[in-house]
Structure formats: structure tokens, C-alpha cells
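The structure under discussion appears below in the form of C-alpha cells.
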Amino acid sequence: DFAARAGLRGPVLNHLNFGGWLMWRLPDPVFIDGRLEVVGEEFFDYYHRVLTSPEQLEACVSRYGIRWAVFPYTISPGLLSRLGRDPRWSLVWADRLAAVFVRTDSNQGTSALRPYTASVIEGPNLRPLPGLGGGPRPGPFRTWLSGLLRRAVFPDEDYNMGLFHV
């Protein structure tokens, strides 16, 4: 949705997991999608090398004219680290699932996009938490008993954002 709102156009280097969604949501072709029987093993191997090698990534950008990239940083933390340190790429969006980088040396007019800042993402609402505005903390027996009576929920969104910032 951010890519559509920001008007990101042109060749995109996307993660395989996002290909189908991007095909549906945006007018431009995607780099790869889940139809692996269509792209074949040779292209999939190339795609994997692009995500893992800085040299292959730059060769891919030159070959296909890649202007922006979107990928889940929990699956590709190495790519997040490499693009984050490369002055040719600028992080313009991050949320609980994905990071979006634009090529700073492309001529697609992305200079109007502001670089990402943590304030783009709303912080968690701590008021309902026990002891932080939502009443007193439960005692040890009540805490133990509550584990038997309700299903524990892992905070995936918070974990992913913490991983992104690390």
C-alpha cells in the first residue's frame, strides 16, 4: 500500500513472498512471484544469488533497471543490512512486515520521498498493560492460573519491529 501511495513505479526487486500481492496491487511487472514452474530453476537460482551477493545485486540492478526494492526483513536480514549501508539505496518505509528501499541514483523522481524515520510507525499503546495504567499487576497465583485459562499470544508485530531496528 505504501508503494502505491508513494507512486513507486518501474522495475522492482521484490521478495518471492510479495510477488503475487504486488502483481495484483501495482500496475508494473514484478521481479519474481510464486509461480516457480513458470520462471524455472535457472532464474530462481539467479534470484537467490541476487539476494545474497552484493555483486550480483548490482549486476541485477544494471541489467533490469531496478528502481526500488521491497522485502520481508525477517527473512532477509542480510539484505536489509547491505542496503541500509549502501549510499545508492535509501530506506523510505518500514513496517511490521517489510522494508522498502529506493535507488538514489535512479531518475524516477523519488527524491520527494522522505527517508524512513522510526516516527513513521506508531508506538505501542502501553496504557492497557497491568501496572502501566491498566490496573494493578496480578499476583503470582493469578498469573499462573491465567496461563491455563486463556491462549497465549506471541507479539509477532512487536518482535518483527524489534528485529528490524536491531
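The values are calculated or read from the model by the stated rules, or taken from the named source; none is laboratory data. This structure is a prediction, so every number in the text was calculated from the model and none was measured. Here the Cβ is made from the backbone with ideal geometry for all residues, glycine too, and neighbour counts use every protein chain on show. Heads up: the accessible areas ignore ligands, DNA and RNA and are worked out on the full protein's heavy atoms, side chains in. Shrake-Rupley method; radii C 1.70, N 1.55, O 1.52, S 1.80 Å.
Before moving on, here are some points about what is shown:
- Peptide ranges 51-57, 33-39 listed from the most packed, as the mean C-beta count within 10 angstrom indicates: 51-57, 33-39
- Förster radius 45 Å - calculated FRET efficiency between Arg5 and Leu149 (Cβ-Cβ, nearest 0.05): 0.60
- Nonlocal amide H pairs with Trp89, under 5 Å, H built at 1.01 Å: Thr104
- Packing, as the average of other Cβ atoms within 10 Å across residues, places the peptides 69-82, 139-152 in the order 69-82, 139-152, highest first.
- Area accessible to solvent at His48, 1.4 Å probe radius, in Å²: 100 Å²
- Förster-model FRET efficiency, 22 Å R0, Arg82 and Tyr159, C-beta, rounded to 0.05: 0.50
- Taking a ≥ b ≥ c as the square roots of the eigenvalues of the alpha carbon gyration tensor, the stretch 1-40 is prolate, as a/c is not under 1.5 and a/b beats b/c.
- For the stretch 1-105, the alpha-carbon radius of gyration amounts to 0.99 times the rule-of-thumb value 2.2 N^0.38 Å expected for a compact globular protein.
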